[in-house]
1. Are there any GluC sites (Glu not before Pro) in region B:270-335 that are in a DSSP loop and have at most 12 other Cβ atoms within 10 Å? List them by number.
2. In whole Å, how far is the Cα centre of region B:37-53 from that of region B:89-157?
3. Quick one: Karplus J couplings for region B:166-172, per residue in order, coefficients 6.51, -1.76, 1.60, θ = phi - 60°, nearest Hz, x for Gly and Pro?
4. Over all directions, what mean area does the Cα convex hull of region A:204-290 project, stated in square nanometres?
5. If r is the Cβ-Cβ distance from B:Asn336 to B:Ser68 and R0 is 60 Å, what FRET efficiency results, to the nearest 0.05?
6. If exposed chymotrypsin sites (Phe, Trp or Tyr not before Pro) are those in a DSSP loop with at most 12 other Cβ within 10 Å, what is the longest stretch of chain B that has none?
7. Principal axes first, then extents: for the Cα atoms of chain B, list largest minus smallest coordinate on each axis, whole Å, largest first.
8. Debye sum, Cα scatterers, region B:100-172, no solvent: what log₁₀ I/I(0) at q = 0.15, 0.26 1/Å?
Amino acid sequence: MTSKPRSATETIRNLWERLLVDPTLGVISLLLIFALIAAFALPVFYAGNNIYNLVGSSITVMILSIGMTVVLISGGIDLSVGAVMALCAGVAATVLKMGAPLFVAFVCAILVGIAAGLLNGLLVTRVGLPDFIATLAMLGFASGVLYIATQGVPIIGYMTSEYYIVGGLDPLVGPVTFPILVAVVLALIVGWVLSRTKLGTHFFAVGSNAVASRQSGIPVRWVKTQAYMLSGTCAAVAGIILAGRNNNVPADLGTGYEIQAISAAIIGGASLMGGRGRVLGAVLGALTLALAINIINLAGVPSSFQKIVIGVILILAVIANYLSELARGATQRRRAKRLSSIDA
Amino acid sequence: MTDRAETPSAQSLVLEARGVTKHYEGVTALDHATLAVGPGEVHALLGGNGAGKSTLISIISGVTKPDSGKILLGGEVMPASGPLAAISAGISTIYQELSLVPALSVLDNIFLGREIKRKTLGLPLTSDRRSMELAVRDLAADFGVTANELHTPVSEFGALKKRSIEIVKALAFDPKVLILDEPTSGLEDAERQVLFGYMRSMRERGVSLVWVTHHLEELFGLADKATVFKDGRTVATVATESTSIDKLITLMFGADREEFGGGDTRKIAHLQPSSERPVILRARNLTRGSVVRDISLDVHEGEIVGLAGLAGAGRTEVVRTLMGLDALTSGSVELNGRRLSLRNSTAAYRAGLAMLPEDRKQLGILADLSTAQNISISRLSTVTAAGFWMSRRKELALAESYRGQLGIKTPDVNARIGNLSGGNQQKAIVARCLNTSPKLLIFDEPTQGIDVSAKVEVHALVRDYAANGGAAILIASEIEELLELSHRVLVLKKGQIVGEVRNIPAAIEAGEFARIKSEVLTLSAAGQAS
Ligand SMILES: Nc1ncnc2c1ncn2[C@@H]1O[C@H](COP(=O)(O)OP(=O)(O)OP(=O)(O)O)[C@@H](O)[C@H]1O
Ligand SMILES: [Mg+2]
């Protein structure tokens, strides 16, 4: 192999091909298309704090979808994230109201999230319930506990000045809020775990072919359980932030979030069949969803149309991912052909 | 009644199975089975389909728990604590069904569960892919897996390449005991020889090998001993040098070779179809990228056309385009003079084409359906009443008739096919294809994993199908099988037809088997420079 001097066109071609083979191409294009629509059709899009609020509103779903991506990769699905998130928000608020410092309240909330994830994992891997059923049961259980504890009355009066920062209502430095920071750090860590660590490889392996994984000596059940625990942790983090952003914790705080989290993960390229998914994809997926909802709000479409819009976006995303998969295969073949013609 | 060849004293045994019994619902897979493997020994496990070989292997590998009995490794009883324990104890297994993780790269698959780690923040957390690559690069290259391919997801490879990857995976960790469950199924002759070379060198290094095969001729010169199983019981352990294929067959089936049409004379395809017989399939200038290049072929009524070629020659790719599984760049296909639109495989089936796929697990069986459903699924009209609703009775009768014909071993054709032994699943898929009574049938490795006795049955069915006016295209990596069944062989190389050998039955009858065999082999290898 000799390295040849590269012409400018060659560099551009390489960059272009890199983009074409990137599995996130589908979501990126979708996001760009929406942004362009918004920019041209709705001047208010850039007005005031709109974009800032948009990003802020996407954080909760983003954090949930990061955990969801890991669960989907390992071949499961977690329907309980919304309910667990709300329960954890309730735990944080209640502990704070009892006068405990922020830190203690957060640790309690996160422990509850991990426990919920552990229970999900055990129900699936030890009791042998299907993922769908086990996490549906957890959804019922977690939201039931919150209803009983609150008697249907929202928890209020726990906000402190620091909690305003945690919730992102007051910025941290410049325009960066605490939730944004948390989402970025979480995305980086989970992304690193997935691509660089043994555990990450095992998540993919278990979701893609459980039998082969078992034969290779992977502790399949423990790996799956860890995926659920990670998802539970993400739910707790999201709950802590949402409690701060929302100023109160109603019993139905988490309703509908599981659908949004699953949608964001799937828009980002995760597969319900397991073995596929990307953290960057989930992050962009959450942004895409928030952007789309923002657009219909600005355009004055009644909010009851949101669900329909999410459905349409899901379909668009699956198509976009499929197209990017095609582009990817074609590019790889073209490149292989070029390389082999250089060899000859 | 176990007549044993000189048994090495118990303490010198590397691996031993004692009184292993395993029952499944309605079947006794193993019944007090025994096995004794000495150090540096290549030990063959033989037996018909469903004899219990794979079950014993999965028990030794810690994947399945036996009902009773024990496994000893180096004289010590192995705790029944799962695959990881067996792997760490030095047992490496290549399972019968391809068992790779499609979503992971080849490299990650090879090191799955045994990743080389690097320290990050003082903790051994990160996988060190560079070291992993260095560790297996040469071994992988020997089995035709390039450094580039190490980083490609396994899902992009065909069955043949996957087999090679599994072999690399099993050899990569210097095991004490290497278990291979039909490792050569679907491999080319050249790759077989590479594998056998490795098996020999492992034996020289003192590794014990346990090896399942249905190709009895492979044993001689490679295996030291053979243990024969029948219906879950150990029938005998014999030294290969003091036995013969005929004796082994008698042990395996309790019948001798003649009874199922074996014998010395080579079988030849019946009927001599001449090119005057009507053309069933006419394919012109089939092209798909650089994989299939300008292929034109005719298949006449009653004719079996073999496709020969080395690994990667494009045989499977050609038939996949015929079936509409891969899109053509250009070219046309006519069936009985009618132009086909090859949009998808449903259209191909409807037009009268059928195919027996090479990778039965991924493309063939519907694991959760019953054996009976698997047989009738491609042509449900044979099991409907009044052409409308499903008739359980007809479905059952159809399944039972094939069960008898092919000797499919199952207690109940209504039970899940996924629980059948590998060879028996293959027989069911063969039955499914034959049941569609298509105008043209494509067989891609039809007898992989099928035992000697059933192979004769399958060959007979293929010949009968052609003799009764059908037409077939056959791909078989075992050249003997290809020549014995085909009337005519086309040799492929790099997606192109590079030669043709005609009138094969006549040549075989004239005792020229060796000549045409070498002719086909030369053609497949020739033209390397062009
Ligand atoms: N999970 C299972 N459930 C039910 N029956 C099973 C299961 N696994 C194996 N069997 C049965 O046990 C018997 C032995 O199967 P096994 O796979 O060990 O045969 P084999 O000797 O490897 O055959 P082949 O040569 O076809 O691979 C068969 O009758 C099979 O149907
Ligand atoms: Mg078997």
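1. Passing sites in region B:270-335 are B:Glu276.
2. A separation of 28 Å, based on Cα centres.
3. Result, rounded to whole Hz: 4, 5, 4, 4, 6, 7, 5.
4. Taking the Cα atoms of region A:204-290, their convex hull projects to 6.4 nm² on average.
5. 0.50
6. B:1-219
7. Computed over chain B, the largest-to-smallest principal extents equal 69, 56, 52 Å.
8. Evaluating at q = 0.15, 0.26 Å⁻¹ gives log10 I(q)/I(0) of -0.46, -1.20.
Every number here is computed from the coordinates shown, using simple stated rules; none is lab data. Because the structure is a prediction, the values reported are computed rather than measured. Every residue, glycine as well, gets a Cβ built from its backbone with ideal geometry; the counts of neighbours run over all protein chains shown.
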